Amino acid sequence: MKKLLIFIIILLTCGCSNSGTLNCSREFTNEDGFLVKDNIKIEYENDIVTKVISTNITESDEDSTDLIVDYGNLFAENLNKIKGFNLKYEKENEKAIKYIMTIDYKNLNIPALKEQFGDDFDENLYSSNQIKINEFKENNLKEYTCQ
């Protein structure tokens, strides 16, 4: 009986929570026939997503990479003014573009982001600062392999 009581006290006071990092990836060919590699790192505390870092490398026509990177960074300029959001485009090589998007849910200004995206606002990705990890996986990671 004494052991059971000690076990219950430890269980109640350990602060056990579901926190950690989930790494997910996928590769596919886009509608233009180019290879796309997505990697997403999701950090969570007490089952709530706190940060998402999405890295995407997309092959492209060699003549278009510089233009795409320039346009992507122009597009990202206003988004990067929003607290909790960062987007960066760069040339991975002569035939590939890399973008890194970081969402810090603890500090994300969702109304400003919604205003900036307008009709393209993704409710599944940005709807709340309190997204549960299982809900995030269900809504955003069905096509990914996660570890």
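A few comments on the model shown:
- Computed over the chain, Cα set: Rg, Dmax in Å: 19.4, 74
- Remark on the stretch 30-92: ratio of C-alpha radius of gyration to 2.2 N^0.38 Å is 1.35.
- When shorter helices are ignored and each DSSP H run of at least 4 residues is given -39500 (n - 2.57), the per-residue value for the chain at 222 nm works out to -9000 deg cm²/dmol.
- Choice from 86, 46, 56 showing the highest fluctuation, given a GNM over the chain with Cα pairs closer than 10 Å: 46
- For the stretch 19-62, the spread of Cα coordinates along the three principal axes comes to 43, 15, 12 Å, biggest extent given first.
- Across 41/98; 51/95; 83/137, pairs whose alpha-carbon gap is larger than 27 Å: 51/95
- Summed residue charge, Cβ within 9 Å of residue 73's Cβ, Lys/Arg positive, Asp/Glu negative: -2
Bear in mind these aren't lab numbers, they're just calculated from the coordinates by the rules spelled out. Predicted model only: the values in this text are computed from it and were never measured. Using ideal geometry, Cβ is built from the backbone for each residue, glycine included, and neighbour counts are taken over all protein chains shown.
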